[in-house]
Amino acid sequence: MSSEKRTEYAEDRTDWAEDRTIMANERTFNSWMGLGLGAVGVAVALKAVFGDFDPTWAAKLAASLFLAIAIAIYWIAQRQAHATHERLSSRAAEPVPARHFRRLSAGLTLATLATGGILWAL
């Protein structure tokens, strides 16, 4: 096998590896979003379990801490996914545009804040 052909194969493998890394970055971002939503689930469960807890503000405060953690997770994940996305170039894969990471994080933040508002109103 010629040196040029080996170099071409090596470049192809590098290109494919970059595409796999882009897809892994998207899966990792999705996993972080799931972790954030899990924290929201814990907040709702705390309210359900400690609904009759006295003082009620203590249970609501504990639930709010989990909601704040969820929001932090959304934005840390967004920042990391965006940074990785910007460093890579796709070849055959069609990556999600970087702005979608921000939009999803913003949407989940709004939903989490609304959940917090409902928990405090109950």
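The values are calculated or read from the model by the stated rules, or taken from the named source; none is laboratory data. All values reported here derive from a predicted model rather than from experimental measurement. Neighbour counts are summed over all protein chains in view; Cβ atoms, including those assigned to glycine, are modelled from backbone coordinates with ideal geometry.
Values computed for the structure shown
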| read-out | value |
| --- | --- |
| Matching residues, the stretch 84-121, being among the hydrophobic types (A, V, I, L, M, F, W, C), part of a helix (DSSP H, G or I) and over 13 Å from the mean Cα position of the chain (by Cα) | Leu110, Ala111, Leu113, Ala114, Ile118, Leu119, Trp120, Ala121 |
| Any hit, the stretch 83-104, residues being touching a Ser or Thr at 6+ places or on another chain (Cβ under 7 Å), of a type in the set (A, V, I, L, M, F, W, C), more than 16 Å from Leu37 (Cβ to Cβ) and in contact (Cβ under 8 Å) with a residue 40 or more places away in the chain | yes |
| Selection from the stretch 74-98 of residues that are charged (D, E, K, R) and modelled with pLDDT of 90 or more | Arg79 |
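To keep it simple, each residue is scored yes or no on (1) among the β-branched types (Val, Ile, Thr); (2) surrounded by fewer than 14 Cβ atoms within 10 Å (Cβ to Cβ); (3) out of contact with any helix residue (DSSP H, G or I) (no Cβ under 8 Å at 6 or more places or on another chain); (4) over 26 Å from Leu110 (Cβ atoms).
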position	(1), (2), (3), (4)
Thr7	yes, yes, yes, yes
Arg13	no, yes, yes, yes
Glu18	no, no, yes, yes
Ala24	no, yes, yes, yes
Phe53	no, no, no, yes
Ala83	no, yes, yes, no
